[in-house]
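Working notes, structure below.
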Amino acid sequence: MLNQDYRHKGYVPNVLTFEYGEISPAYWAGDVVICAPVVDREAREQGKPLKDHYAHMTVHGVLHLQGYDHLDPADADIMESREAAILKRFHIPNPYLS
């Protein structure tokens, strides 16, 4: 389990991002790993279209590559705002609104 092996966490997350660093001012290197069974389950439980939830997880992971995080509430607000703005451009509703 990647989360256990690399982050020492005993659960399977919806998305994991492995940052390798900035390779130039405009490019970041890393991997975004999306766990399909978790994303599928979450989309069903939240009543969201599967494609929208995958888009959200992709945006979320890529923002982590760019240095965004959600460890404290202020950073979470910034990251969630950025996610919602990006998803809106694709006509995907804000995933943080009920």
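The values are calculated or read from the model by the stated rules, or taken from the named source; none is laboratory data. None of the values given here were measured: they were computed from a predicted structure. A quick note on method: Cβ atoms are made from the backbone with ideal geometry, for glycine too, and the neighbour counts reach across all protein chains shown. Ligands, DNA and RNA are excluded from the accessible area calculation, which covers all protein heavy atoms including side chains. Shrake-Rupley method; radii C 1.70, N 1.55, O 1.52, S 1.80 Å.
Looking at the range 25-40, which of its residues are open to solvent by 90 Å² or more (accessible area, probe 1.4 Å) and either assigned to a strand (DSSP E or B) or in contact (Cβ under 8 Å) with a residue 40 or more places away in the chain (or both)? Before you say what the answer is, go through the steps one by one.
As a first pass, look at the range 25-40 and keep what is open to solvent by 90 Å² or more (accessible area, probe 1.4 Å): 25, 27-28, 37.
Once the filter is applied, which keeps residues that are open to solvent by 90 Å² or more (accessible area, probe 1.4 Å) and either assigned to a strand (DSSP E or B) or in contact (Cβ under 8 Å) with a residue 40 or more places away in the chain (or both), the range 25-40 yields Tyr27, Trp28.
Just to be sure before I move on: is Pro13 modelled with pLDDT under 95, surrounded by 14 or more Cβ atoms within 10 Å (Cβ to Cβ) and either of a type outside the set (Asp, Glu) or out of contact with any helix residue (DSSP H, G or I) (no Cβ under 9 Å at 6 or more places or on another chain) (or both) in the structure I sent? Taking the combined requirement at face value, the residue satisfies it. Within the range 52-75, being of a type outside the set (Asp, Glu), without any contact (Cβ under 8 Å) to a residue 24 or more places away in the chain, farther than 14 Å from Asn94 by Cα and surrounded by 11 or more Cβ atoms within 10 Å (Cβ to Cβ) holds for Leu63, Tyr68, His70.
If a residue must be of a type outside the set (A, V, I, L, M), in a helix (DSSP H, G or I) and under 22 Å from Phe18 (Cβ atoms), how many such residues does the range 41-78 contain? Walk me through how you get there before you give the answer.
Step one: of the range 41-78, the residues of a type outside the set (A, V, I, L, M) are 41-42, 44-49, 51-54, 56, 58, 60-61, 64, 66-70, 72-73, 75, 77.
When the remaining residues are screened for being in a helix (DSSP H, G or I), the result is 41-42, 44-46, 51-54, 56, 58, 60-61, 64, 73, 75, 77.
Right, trim to under 22 Å from Phe18 (Cβ atoms) and you get 42, 53-54, 56, 58, 60-61, 64, 75.
So the answer is 9.
Glu22 meets each of the listed conditions (1) among the acidic types (Asp, Glu); (2) assigned to a strand (DSSP E or B); (3) within 14 Å of the chain's Cα centre (by Cα) apart from (3).
Among the residues of the range 76-85, is there at least one that is free of Cβ contacts under 8 Å to residues at least 12 places away in the same chain and surrounded by fewer than 12 Cβ atoms within 10 Å (Cβ to Cβ)? Break it down stepwise before answering.
To start, the set of residues in the range 76-85 that are free of Cβ contacts under 8 Å to residues at least 12 places away in the same chain comprises 76-78, 81, 85.
Subsequent filtering for residues that are surrounded by fewer than 12 Cβ atoms within 10 Å (Cβ to Cβ) retains 85.
Yes, that holds for at least one residue.
For Glu19, the criteria (1) touching a Gly at 6+ places or on another chain (Cβ under 7 Å); (2) open to solvent by less than 40 Å² (accessible area, probe 1.4 Å); (3) not aliphatic (A, V, I, L, M) hold in every case but one, which is (2).
Would you tally the residues in the range 86-98 being outside any helix (DSSP H, G or I) and crowded, with 17+ Cβ neighbours inside 10 Å?
Kept after step one, since they are outside any helix (DSSP H, G or I), are these residues of the range 86-98: 90-98.
Imposing the further condition that a residue be crowded, with 17+ Cβ neighbours inside 10 Å reduces the set to 92, 95.
Selection size over the range 86-98: 2.
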